[in-house]
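One structure is given here, and the rest of the page talks about it.
The values are calculated or read from the model by the stated rules, or taken from the named source; none is laboratory data. These numbers come from a predicted model, not from an experiment. Note that each Cβ is placed from the backbone with ideal geometry, even for glycine, and that neighbours are counted across all protein chains shown. Just so you know, the surface numbers come from the protein's heavy atoms only, side chains and all, with ligands and any DNA or RNA stripped out. Shrake-Rupley method; radii C 1.70, N 1.55, O 1.52, S 1.80 Å.
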Amino acid sequence: MTASEVARQQDVALIDLVDRLLDSGVVLAGDITLAVADIDLVYVGLRALISSVAAAEREGVALPLR
Amino acid sequence: MIYLYAITEPLDGAAGVTGLAGARVELLSTGGVSGAYSAHEELELTADPDLLWAHEGVVEALMARATVLPLRFGTTLADVAALRDALDGGRERYGELLQRLRGRVELAVRVVDASSPEPESPGDGSRYLADRLATRREGRLAEEQIHAPLARLAAASESAVAPAAGTLLRGAYLVETGEVDRFARRVRELQSGHPDLQVSCTGPWAPYSFVGNGSA
């Protein structure tokens, strides 16, 4: 597996993690303390990540590992 | 305050499980379920990847020992007494969910267009609209071609067409533990049959997408 493939897998896992932990899971009514602004920030960051990963793959650029 | 990770089948202990900020994970058992939590004087909760992975790490450690209902990230209560009230109040619902989810895990699938160009810079409204419509159309096609065959391998499933810019389809599948390999093989087959798409699959996850209002 190339470095770019590993990096992409980690990125995809992080996006799937965010979808699960922030959008699903058992909700105890009224107890979520997380600020919505934080969630937006993460999502914006991840969307940018998806498109940059896709671009890097097309161009054959290896991405840095986290 | 206490931070909550999951509701589980009754467990004797969570020895050796470490939670957010390095805190020890403890269990409160009442009415046939256990609640996994850690106690904190202060805890700053942001959607930071390290914190999300720490929450997930606890859920996965518990998942190795019992059926779990993962809680949404960021759930806190004042104290253990409040947790006891919450668990007792939802006893019936949690018991039913635990029974339905026993021996099953969640797998996540994401489909993107393998060849789509970079999004144009904002400003060209009609181009943007055309792109969004194309994504919806391709997403619905991916729902037939990728989601439908995978859903047949699952006890329950959910899908979202064009859930985010650049993503054609997002799917969640509740699969018997013993069927995970078969599911992964099917994903690889579907990927081979659709080189125009990029199909990714992650998991096994705790059943985050199947603890909702009886949808599964």
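Taking amide H positions as placed in the peptide plane 1.01 Å from N, state which residues far from B:Ala156 in sequence (5 or more) or on other chains have amide H under 5 Å from it.
The list, which skips near neighbours in sequence, is B:Leu174.
In terms of solvent-accessible area of protein heavy atoms at a 1.4 angstrom probe, what is the ranking of B:Ser34, B:Ser126, highest value first?
B:Ser126, B:Ser34
Counting other C-beta atoms within 10 Å, and keeping those with at most 13, which DSSP coil GluC sites (Glu not before Pro) do you find in the range B:68-168?
B:Glu120
Express in Å², to the nearest 10, the accessible area of B:Thr177 obtained by rolling a 1.4 Å probe over the protein heavy atoms while all chains stay in place.
For B:Thr177, the solvent-accessible surface is approximately 80 Å².
Got a number for the accessible area of B:Glu176? Probe 1.4 Å, square angstrom, nearest 10.
Using a 1.4 Å probe on the heavy atoms, I get roughly 80 Å².
Pairing the Cα long axis of helix B:49-63 with the longest principal axis of chain B, what angle in degrees results, from 0 to 90 and rounded to the nearest 10?
60
Within 10 Å, at most 13 other Cβ atoms, and a DSSP state outside H, G, I, E, B define an exposed site. Report the longest part of chain B free of exposed trypsin sites (Lys or Arg not before Pro). List each step's numbers first, then the result.
Numbers: sites that count: B:Arg102, B:Arg152.
Looking at chain B, B:1-101 is the longest stretch - no exposed trypsin sites (Lys or Arg not before Pro) with at most 13 other Cβ atoms within 10 Å.
Using a 1.4 Å probe, how large is the accessible area of B:His55, given in Å² and rounded to the nearest 10?
0
Using a 10 Å cut-off on Cβ to Cβ distances, tally the other chain neighbours for every residue of B:157-164 and report the average as a whole number.
That average works out to 1.
Show me, for the range B:148-157, the HN-Hα J-couplings you get by feeding each phi into the Karplus relation (A = 6.51, B = -1.76, C = 1.60, θ = phi - 60°), rounded to Hz, glycine and proline as x.
4, x, 6, 4, 5, 8, 10, 6, 7, 7
Just to confirm the number: angle between the C-alpha axis of helix B:125-142 and the first principal axis of chain B, 0 to 90 degrees, nearest 10?
Tilt of helix B:125-142: around 70 degrees.
Just check the range B:161-216 against the gyration tensor rule for me: Cα atoms, a ≥ b ≥ c as the square roots of the eigenvalues, rounded for a/c under 1.5, and otherwise prolate or oblate depending on whether a/b exceeds b/c.
Since a/c reaches 1.5 but b/c is at least a/b, the shape of the range B:161-216 is classed as oblate.
Averaged over its residues, how many other protein chain Cβ atoms are within 10 Å of peptide B:45-56's Cβ atoms?
Mean shielding count: 5.
Quick check: with the 1.4 Å probe, what order do B:Tyr128, B:Tyr173 take by accessible area, largest first?
Sorted descending by solvent-accessible area, the residues read B:Tyr128, B:Tyr173.
Report the accessible surface area buried between chains A and B, summing both sides, using a 1.4 Å probe on protein heavy atoms only, in Å² rounded to the nearest 100.
Answer for the A-B pair: about 3200 Å² buried.
Averaged over peptide B:140-150, how many Cβ atoms belonging to another chain are found within 10 Å of each residue's Cβ?
0
What number, rounded to the nearest 500 deg cm²/dmol, is the helix-based mean residue ellipticity at 222 nm of chain B, given -39500 (n - 2.57) per DSSP H run of at least four residues and division by all its residues?
-10500 deg cm²/dmol, from helical runs alone.
Leaving out ligands and nucleic acids, note down the accessible area per residue over the range B:1-150 with a 1.4 angstrom probe, in whole Å².
49
If I fit a long axis through the Cα atoms of helix B:91-101 and take the longest principal axis of the Cα atoms of chain B, what angle between them do I get, 0 to 90°, rounded to 10?
Helix B:91-101 and the main axis of chain B meet at about 50 degrees.
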